[in-house]
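Scroll down for the structure; my scribbles are underneath it.
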Amino acid sequence: MLSLDRGFTYTLPAGSAAGVGSLVQVPFHGRRVRGWVLGPALEPPPRVLDVTAVVSPVRFFDPNGLRLFRWVADRYVAPLAAVIGRAIPPRVVAEEEGFDAPAIDPPVRATSRDPRRTLATYRGGGTLAEALGDGSGAFRLRPAPEDEVDLALEAVERCLAGRRRAIVLVPEARPLPATARAIAETFGERVGTLVGGDRRSRYRRWLEVLAGRYDVVVGTRPAVFAPLARVGLIYVGRESHPAHREDRAPYYHVRDVARSRAELAGAVMVGAALCPSAELAAAPGVSAVAPAGRRWPPVEVVRPGPEGRAPRLVRALRDARRAFVFSPVPGYGIAQVCRACGRPAACAACGGALRVASGAVTCVVCESPGRCAHCGSERFGIRRGGAERVQEWAGAVATVPVRRIEAPGRARLPRPGEILIGGADAVRDLGPGGLDLVAILDVDLSERRAGLAARERSVAIAMEAIGWARPSGRAIVQSAHPAEPAVQALVRGNADRFLVDEASRRAAAGFPVGAPVFRVAGRPAVVRALEELLPTTLLVSSAGEQTVCLLALEPRRLPAFGATVRRLAARDIVSRVEAEPHL
């Protein structure tokens, strides 16, 4: 709770081995609770109680880790205890038996591997290569699709050669991204993976990282806090992926935490993506690294055909031997009219649209079985269109089998002699594609999707899919607006102009790129207090008995905002704060 977000002073038992990062038990308002040792009190109060017990022999963080936790708590206006709780996996006491405390400065093992030389062919690559050895800085890396894995490997190799350790962050665990898999295979026992598993195995691996067993950590979001000493590189793969944002308090974003940790440690932060986020592209002090020449497949833009069947695409699919068709709309079609009463189709439960998928009609909003809101009928006229329908018509024209990817964990590249149909969940870090054709359908839908970052995410997914056509394939994009910046980003393989346009659109919407955004809920008095902070944007609404404020701030006003919200929480005026909400 923000209202209790402060330190309390206790006396450690004489001769105790506890210190910063220790988990202890203390008396608090007549009961015993657990807390973290944060360091010596500068001004102890007159009356100080004793620590009841040291709960674990493990020191869960050191002063450097604590500095990072405090930064996260300040940036996202979250309780420090909540930040620490999110950074450390749940304890399994049995795994602590025989735990050996790490050395104060565990050495990095020497490596005989000569680093790859791919960076030397990139603009700005020489500066990044030099920094990886013993320097620092933030870099925005746009890899050629076939270089994505090699560049991550080279970055880690150069970091290890400089006798420093590396953290590589990937957005998802299933299927294991090609980048994570390649690093684990290349560096073998030097790599600790924090990518899922049961509670016991996660905690065991985390303790092994803390003990200094690994020189490289590969993991998903929580790995940005991995207790790794002498970090020289934090590499964020597919930096613009939405899974890099934590959906639970303290709602941090890996990109920003990685950069802060790199700055605190004097390390290098690399955000790698074919289409970087607008935030990283606009961030000051970030150096760009990109291919020296065009490293992108030829992309043809054609007008959309009915159900996605543009004549040019139909002809290309007849000749395709290994292809991927990106169809972002699921199902077979949308119910348009009730066949019983002739009224427009709508869900009887909530009034939402009805979709046909896998032979059944369901509501796209509440997922209720499809029944007419007016007469209760289950018979509808259908406007065909969606991944199932694309599979049907593509299978009728192609000369190789056409299959559809449905489960996210089963994403894969098409096999030779196969065409795959898939949506956003099918576009993952699967390694170099080598496909002869990639088709992007319904790209114009991104203009109508809700959310500030919806267009950016659509472009990023499409670019990742088109990248599978390297080195000798081609791509076809269906769009009625070929001159739009989003479509031109797909044609060029470079999103820089699109991101400038994206920044302009977000500023016009009142949420400039780089402005901290918060959703604050509480009593009506919260509105006046927030207005005094002069936010860039302040939108007020009601949810039940609570007032909800959505606001964007100039970065320099963030400390004052944090102090105000914590003060209001102590007075029971603020009940909830959500940082960087999905908009």
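The values are calculated or read from the model by the stated rules, or taken from the named source; none is laboratory data. Just so you know, these numbers come straight off a predicted model, no measurement behind them. Don't worry about glycine lacking a Cβ; one is built from the backbone with ideal geometry, like all the others, and counts go over all protein chains shown. The area values use the complete protein model at the heavy-atom level, side chains included, leaving out ligands, DNA and RNA. Shrake-Rupley method; radii C 1.70, N 1.55, O 1.52, S 1.80 Å.
The Cα-based radius of gyration of the stretch 29-105, divided by its Kirkwood radius, gives an Rg/Rh of 0.98.
Quick check for you: which residues of the stretch 5-22 have the amide N under 18 Å from the point 7 Å beyond the Cα of residue 52 toward its beta carbon? Answer for this model: 8-14, 22. Taking the structure as given and computing Rg and Dmax of the Cα atoms in Å, which label from (i) 26.4, 84; (ii) 28.6, 95; (iii) 24.1, 87 fits? Entry (i). From the alpha carbon centroid of the stretch 133-156 to that of the stretch 204-269 is 16 Å. Relative to a virtual label point 7 Å from the Cα of residue 449 in the Cα→beta-carbon direction, which members of the stretch 359-399 show backbone nitrogen distances below 20 Å? Residues passing the 20 Å test: 364-367, 385-391. Highest mean first, the peptides 161-174, 84-97 sorted by other C-beta atoms within 10 Å per residue fall in the order 161-174, 84-97. Across the stretch 354-369, computed HN-Hα scalar couplings (Karplus, 6.51 cos²θ - 1.76 cosθ + 1.60, θ = phi - 60°) run 10, 10, 9, 8, 6, x, 10, 9, 9, 7, 6, 9, 9, 6, 6, x Hz from first to last residue, x flagging Gly and Pro.
Can you pull the Rg over Rh of the stretch 524-583, Cα-only, Kirkwood?
Details: Rg = 11.0 Å, Rh = 11.9 Å.
Using only Cα positions, Rg/Rh for the stretch 524-583 is 0.92.
Between residue 430 and residue 74, the modelled labels are 4.5 nm apart [label points 7 Å from Cα along Cα→Cβ].
Relative to the dominant Cα principal axis of the chain, helix 254-265 is inclined by about 40°. Computed on the Cα trace of the stretch 445-583, the radius of gyration divided by the Kirkwood hydrodynamic radius gives Rg/Rh = 1.13. According to the square roots a ≥ b ≥ c of the eigenvalues of the Cα gyration tensor, what is the shape class of the stretch 256-349, taking rounded for a/c under 1.5, prolate for a/b larger than b/c otherwise, and oblate for the remainder? Judged from the Cα gyration tensor, the stretch 256-349 comes out oblate (a/c at least 1.5, b/c at or above a/b).
Taking R0 as 25 Å, what FRET efficiency do you get between residue 407 and residue 367 from their Cβ-Cβ distance, rounded to the nearest 0.05? Mind dumping the intermediate values first?
Values: r = 18 Å, r/R0 = 0.70.
E(calc), rounded to 0.05, equals 0.90.
Computed in the context of the full set of protein chains, the accessible area of the stretch 533-572 at 1.4 Å probe radius has 54% of its extent on carbon or sulfur.
By how many degrees, 0 to 90 and rounded to 10, does the Cα axis of helix 63-75 deviate from the longest principal axis of the chain? In the chain, helix 63-75 runs at an angle near 50 degrees to the longest axis. Kindly express, to the nearest 10 degrees and within the range 0 to 90, the angle between helix 496-508's C-alpha long axis and the longest C-alpha principal axis of the chain. Between helix and principal axis, roughly 70 degrees.
P(r) tail, the stretch 293-407: Cα-Cα pairs separated by more than 24 Å, 39% of all pairs.
Ignoring ligands, DNA and RNA, please state the percent of accessible area on the stretch 228-355 from carbon and sulfur, probe 1.4 Å. The value for the stretch 228-355 is 51 percent carbon and sulfur by accessible area.
How many percent of DSSP beta bridges within the stretch 156-314 run antiparallel, rounded to 5? Can you show the working numbers first?
Details: 1 of 19 bridges.
Percent antiparallel among DSSP bridges in the stretch 156-314 is about 5.
Taking a ≥ b ≥ c as the square roots of the eigenvalues of the Cα gyration tensor, the stretch 143-247 is classed as oblate, since a/c reaches at least 1.5 and a/b does not exceed b/c.
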